[in-house]
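Undergrad: Please read through the structure below; I'll follow up with questions.
The values are calculated or read from the model by the stated rules, or taken from the named source; none is laboratory data. Predicted, not measured: the structure shown is a model, and the values here were computed from it. Please note: Cβ atoms are built from the backbone with ideal geometry, for glycine as well, and neighbour counts cover all protein chains shown.
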Amino acid sequence: MLSEDEQSLFRESVRSFAAKAVAPIAGSLDQTDEFPHDLHQAMSDYGLVQLAVPSRYGGPGADITSICIAREEVGAAGSMAMATLAGQNNNMVMPLLGFGTAEQKERLLPELAKGGVSLLAFTEAEGGSDPNKIATTAVRHGDEWLLNGQKSYISWGKVAQFALILARTGGIPGGRGLTAFITETSAPGFIEDRHNVKMGQRGLPNVDLRFDNLRVPHENILGGEGQGLAAALRGLQINRPAMAAIALGGAQGALDYAVRFVLERQQHGRSLARHQGLRWMIADMATKLEAARRMVYGAAAMIDQGAPAAETIQMSSMAKYFATEVAVEVTSMAVQLLGGAGYLAEHPVERYLRDVRVATIYEGTSEIQKNTIARGILGKETEV
């Protein structure tokens, strides 16, 4: 783990980078919805995309706290979409570190250390967040597996180089029948069916995928047959504080803009900052955001310090649930503080609100987080 002084220096470094590389293009990314390949290269060169890759494989070897810092600062600079690029390949790196063979790690992690993007193909249209409903199938043919099926709402699409796909093997129902496969998105049969037009976080591709006899070598199974859900959840659970940090950044950016607006705007000859009602709104926003920040970095520290899995899962879900819901509230209040101006595209608070809204949905909805929290308190046997 970095010391507090090192964390502060890292935060200032990323903040400076984001001010120069992200803030100037944040508005245009929202308008065009085009992925900025130049920014991806710049963030890779800076070591941000591949933060989680251990140093022995050529990566920075950063901890989860550092990833949270990077994502918060890039988000605060104006683009929650590009904040996701910081530590982007977490969802591939963490499962590889936990379930990969030595050969898989030596083959794949150096590639990810170069800043390559990866995706997790988990969600399907009929099942949403429920792994029991995954219908994509994998059938073995000699030393290969043939994958067929569809995935929905998948971030990155073919911007990603590598994909981690969950598919059902052996006709076994439930989570026990899921196996994780690693493939390159350039493989024949890996088809990007549709580019989804989103409410916010534009510039970050979101697609529907289809697998048509996609051939994956047997050696690319991660963790063995039937271990797919455990492998995927390792990445998701560890990544939850980092996803919450993106929302923190967006909410902080909205609060900062609203504060500047209130200080500068005059009404009836007096600054808006002198109106008690608006002052109270800002106090509420700042207080809730600070509480959320402490939860997020508390969860990250627990992971970095090697706390027991049950404790980190519980705290990560609490942090993701609380911080993302607070972020939606704070950005909405920022729009309210600007009045009619807050609804206009010329002020970025409306973009912050659109960007942050999905944070309560992706990588485990708020409802999923509450289920996880309640399970940890009441016991799994009480679930309905």
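Undergrad: Could you tell me which of the residues 306, 298 is without any contact (Cβ under 8 Å) to a residue 24 or more places away in the chain, in the same structural domain as residue 376 (by TED's automatic domain parsing) and under 16 Å from residue 248 (Cα atoms)?
TA: After applying the criteria, what remains is 298.
Undergrad: In region 168-208, which residue that is over 22 Å from the mean Cα position of the chain (by Cα) and of a type in the set (A, V, I, L, M, F, W, C) is nearest to residue 233 (Cα to Cα)?
TA: My answer is 178.
Undergrad: Next question, about the same structure. Could you look through region 332-374, keep only residues that are of a type in the set (D, E, K, R) and crowded, with 17+ Cβ neighbours inside 10 Å, and pick out the one that is modelled with the lowest pLDDT?
TA: 363
Undergrad: Over 19 Å from the mean Cα position of the chain (by Cα), assigned to a loop (DSSP other than H, G, I, E, B), buried (at least 19 other Cβ atoms within 10 Å of the Cβ) and not aromatic (Phe, Trp, Tyr), is that true of residue 78?
TA: Working: over 19 Å from the mean Cα position of the chain (by Cα): no; assigned to a loop (DSSP other than H, G, I, E, B): yes; buried (at least 19 other Cβ atoms within 10 Å of the Cβ): yes; not aromatic (Phe, Trp, Tyr): yes.
Taking the combined requirement at face value, the residue does not satisfy it.
Undergrad: Let me ask something else about it. Would you check which residues across region 106-121 are touching a helix residue (DSSP H, G or I) at 6+ places or on another chain (Cβ under 6 Å) and outside any helix (DSSP H, G or I) and list them?
TA: Residues satisfying the conditions are 113, 115, 117, 118, 120.
Undergrad: Search region 160-215 for residues being among the hydrophobic types (A, V, I, L, M, F, W, C) and in a loop (DSSP other than H, G, I, E, B), and hand back the single one that is surrounded by the fewest Cβ atoms within 10 Å (Cβ to Cβ). Break it down into steps so the answer makes sense when it comes.
TA: At the first step, the residues of region 160-215 found to be among the hydrophobic types (A, V, I, L, M, F, W, C) are 160, 162-167, 172, 178, 180-182, 187, 190-191, 197, 199, 204, 207, 209, 211, 214.
Adding the requirement that they be in a loop (DSSP other than H, G, I, E, B) leaves 160, 172, 187, 197, 199, 204.
On the way: 160: 23, 172: 13, 187: 13, 197: 8, 199: 10, 204: 25.
Going through the qualifying residues, I end up with 197.
Undergrad: Run down 85, 29, 48 and say which single residue is outside any helix (DSSP H, G or I), modelled with pLDDT of 95 or more and under 24 Å from residue 353 (Cα atoms).
TA: Numbers: 29 fails: outside any helix (DSSP H, G or I); 48 fails: under 24 Å from residue 353 (Cα atoms).
The conditions single out 85.
Undergrad: Then there is this: I'm checking my understanding of the structure. Among residues of region 127-146 that are closer than 28 Å to residue 85 by Cα, not polar (S, T, N, Q) and not in a helix (DSSP H, G or I), which one is modelled with the highest pLDDT?
TA: Step by step, filter region 127-146, then rank; the result is 134.
Undergrad: Any residue in region 26-45 that's more than 16 Å from residue 89 (Cα to Cα): show its pairings with residues that are in a helix (DSSP H, G or I) and charged (D, E, K, R) at Cβ separation under 6 Å, as long as the two are six or more apart or on different chains.
TA: 30/351
Undergrad: Here is a list: 367, 329, 363. Which entry is in contact (Cβ under 8 Å) with a residue 40 or more places away in the chain, acidic (Asp, Glu) and within 16 Å of residue 240 (Cβ to Cβ)?
TA: Step by step, each of 367, 329, 363 is checked, and only 363 is in contact (Cβ under 8 Å) with a residue 40 or more places away in the chain, acidic (Asp, Glu) and within 16 Å of residue 240 (Cβ to Cβ).
Undergrad: For residue 324, work out the one condition from (1) surrounded by fewer than 20 Cβ atoms within 10 Å (Cβ to Cβ); (2) modelled with pLDDT of 95 or more; (3) within 28 Å of residue 152 (Cα to Cα); (4) among the β-branched types (Val, Ile, Thr) it doesn't fulfil.
TA: (1)
Undergrad: Taking only region 298-312 into account, find how many residues are closer than 22 Å to residue 70 by Cα and surrounded by fewer than 22 Cβ atoms within 10 Å (Cβ to Cβ).
TA: 6
Undergrad: Could you check region 51-67 and list, in sequence order, the residues that are surrounded by fewer than 24 Cβ atoms within 10 Å (Cβ to Cβ) and in a loop (DSSP other than H, G, I, E, B)?
TA: Selection gives 54, 58, 59, 60, 61, 63.
Undergrad: Considering only region 7-32, how many residues are acidic (Asp, Glu) and surrounded by 17 or more Cβ atoms within 10 Å (Cβ to Cβ)?
TA: Summing the residues that are acidic (Asp, Glu) and surrounded by 17 or more Cβ atoms within 10 Å (Cβ to Cβ) in region 7-32 gives 1.
Undergrad: Determine whether residue 70 is crowded, with 24+ Cβ neighbours inside 10 Å, not in a loop (DSSP other than H, G, I, E, B) and not assigned by TED's automatic domain parsing to the domain that holds residue 47.
TA: Taking the combined requirement at face value, the residue does not satisfy it.
Conditions tested, residue by residue: (1) under 16 Å from residue 216 (Cα atoms); (2) among the charged types (D, E, K, R).
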position	(1), (2)
105	no, yes
142	yes, no
156	no, no
165	yes, no
